[in-house]
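The values are calculated or read from the model by the stated rules, or taken from the named source; none is laboratory data. Since we're looking at a predicted model, the values are computed, not measured. As a convention, Cβ positions derive from the backbone with ideal geometry for all residues, glycine included, and neighbour counts pool all protein chains shown. Keep in mind that these areas ignore ligands, DNA and RNA; they rest on the heavy atoms of the full protein, side chains included. Shrake-Rupley method; radii C 1.70, N 1.55, O 1.52, S 1.80 Å.
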Amino acid sequence: GLELSHCVGANSLSPAVPWRSGGPCKMKRVRTVFKPEQLERLEQEFLKQQYMVGTERVDLAATLHLTETQVKVWFQNRRIKWRKQSMEQKAAKLSQFGVIQPATADSTDIKDHEEDTVDVEL
């Protein structure tokens, strides 16, 4: 389930996190920690296919004792990591041949896939 950390009050030294609006208390989401076995299986599935949808995602979540949302967000974040690694490898190959890639090319590739950008696991 969802685990939320302590209530951040107005008198607290740490800033309030706006996960819940309108309430007297702001709750901060605690990061999901995956077990090594879960990560291994998620990576295996990612190697087969970069997008996990529908009943496949539901089944994988049940098998790994995770929520469907946790699996969805893991795949979103893994695709971002994969794209970043691919761009770094491409840049390294180009630099070997003395080709300088414009700085805006990487940001354009990332902007094309902003639907996958996720800052918070739900």
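Find the accessible area per residue for the stretch 39-94; the probe is 1.4 Å, ligands and nucleic acids are left out, and the unit is Å². Let's see the in-between values first.
Working: 3520 Å² over 56 residues.
Ligands and nucleic acids excluded, the result is 63 Å² per residue.
Under 5 Å from the amide H of residue 26 lie the amide H atoms of 8, each residue being 5 or more positions distant or on a separate chain, with H modelled from the backbone and absent for Pro and chain starts.
When the solvent-accessible area of the stretch 28-100 is split by element, carbon and sulfur atoms take up 56 percent of it, the probe being 1.4 Å.
Between residue 88 and residue 44, what's the calculated FRET efficiency when r is the beta-carbon distance and R0 is 41 Å? Round to 0.05.
Values: r = 23 Å, r/R0 = 0.56.
With a Förster radius of 41 Å, E is 0.95.
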